[in-house]
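Only one structure is covered here, and it is reproduced in the block below.
The values are calculated or read from the model by the stated rules, or taken from the named source; none is laboratory data. Just so it is clear, the structure is predicted and the values come from calculations on it, not from any experiment. Every residue, glycine as well, gets a Cβ built from its backbone with ideal geometry; the counts of neighbours run over all protein chains shown.
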């Protein structure tokens, strides 16, 4: 049985220490120590993105990696304008591994650069860099949220990495340099907190390896990554709450009833917030000629102002005998916005002499605008008819005149029953179905 240089068991990590905030002027930073390997990881944030991403409504994350001259015991020449091939390969690995952890659309048009500088190398510098960079990234994001530059964190899940290998025929976790230099099989494994693999780099340096040996190495890597993730969260403290925050969805309305309905239907998927909570109190001019156009105008305006996904509705009553009127002018049918009594009076006047049933429908167009993606618009309807006199004292707008499928007016049924069959709910559910179709 192979005896490890430092006396560890085959499935044991080296001592891991992560010191957050190691570089005070960085947006996020840490010193990560895995045995004798020590790496400074920093995260810098810049507004703007590379040219190939401009105007696409998303951010970018990239990484740089370098070993200090004395990090290996014998002086290593500094990287010049052209980095050595190993450094380039490692920094690409770090960048693509950490991009797995970020919703770049939620990041907005800004760039996060992760710099990994190896102070001392004793094996596993690339995996330590990934593990430490994740901590630096989350700390930087925490700062952006606290500063009000982001409404919610774009970090969707946790990422760490560890090495493993076969030395003298035995699978070992977290190789030091002396073990790595004589390993028959060398492997680096990057994983997320759901236990999924992001990247597996495995090489038979001294010999080929079997499926059974591969499975043994992956099991060791999974165990090691779970332990590293516990160390990451401990180092992050309260900032660990930024991992996996639900995406914010801003509702483009000042109507408390509409906001409550959106929260009820969408709260399981999004963190639904009002325009005011997102810092937007503007009056949005509705210049569209259809419900769909007005809903999209409002949602896209709020999305541009906040950088977050936004949802809006435009709704009203369509009466067949009036050629679809009042339609998009429902709220201002009488010439004044929001005068429900005058709107209802005018509607009845215009329907004088029209026999029952005076068929009509409530219509709601729901628009979901997301950075860098096409606005999703769906329509929901609730069929009914317009009565000759109001019934009920609840609801608002044309509710006392609108006889729905239950045989009551929207002003007579409870708010819960109305929300179950409303045009708005049906429109939102159509949006949700479209989202599920994208996934």
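Summary table
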quantity: Answer from 167, 155 - the residue that is in contact with a strand residue (DSSP E or B) (Cβ under 8 Å, 6 or more places away or on another chain) and either in the same structural domain as residue 64 (by TED's automatic domain parsing) or under 22 Å from residue 223 (Cβ atoms) (or both); calculated: 155
quantity: Residue 110 surrounded by fewer than 22 Cβ atoms within 10 Å (Cβ to Cβ), over 24 Å from residue 228 (Cβ atoms) and touching a strand residue (DSSP E or B) at 6+ places or on another chain (Cβ under 7 Å); calculated: yes
quantity: Residue that is surrounded by 15 or more Cβ atoms within 10 Å (Cβ to Cβ) and in a helix (DSSP H, G or I), where the choices are 18, 94; calculated: 94
quantity: Test: residue in the stretch 71-79 that is closer than 30 Å to residue 375 by Cα, modelled with pLDDT under 95, outside any helix (DSSP H, G or I) and in the same structural domain as residue 190 (by TED's automatic domain parsing); calculated: no
quantity: Single condition residue 216 does not satisfy, out of (1) in contact (Cβ under 8 Å) with a residue 24 or more places away in the chain; (2) surrounded by fewer than 22 Cβ atoms within 10 Å (Cβ to Cβ); (3) under 29 Å from residue 20 (Cβ atoms); calculated: (3)
quantity: Positions within the stretch 327-339 being surrounded by fewer than 16 Cβ atoms within 10 Å (Cβ to Cβ) and either more than 20 Å from residue 395 (Cβ to Cβ) or touching a residue at least 12 places away in the same chain (Cβ under 8 Å) (or both), in sequence order; calculated: 329, 335
quantity: Test result for residue 356, surrounded by 14 or more Cβ atoms within 10 Å (Cβ to Cβ) and touching a residue at least 24 places away in the same chain (Cβ under 8 Å); calculated: no
quantity: Pairs where the first residue, in the stretch 246-272, is without any contact (Cβ under 8 Å) to a residue 60 or more places away in the chain and in the same structural domain as residue 298 (by TED's automatic domain parsing) and the second is surrounded by fewer than 18 Cβ atoms within 10 Å (Cβ to Cβ) and in a helix (DSSP H, G or I), C-beta under 6 Å, 6+ apart; calculated: 272/263
quantity: In the stretch 284-326, residue surrounded by the most Cβ atoms within 10 Å (Cβ to Cβ) [restricted to those that are under 25 Å from residue 355 (Cβ atoms) and under 36 Å from the mean Cα position of the chain (by Cα)]; calculated: 317
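Let's see how each residue does on (1) at pLDDT 95 or above; (2) farther than 17 Å from residue 379 by Cα:
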position	(1), (2)
305	no, yes
315	no, no
318	yes, no
321	yes, yes
334	no, yes
337	no, yes
341	no, yes
347	yes, yes
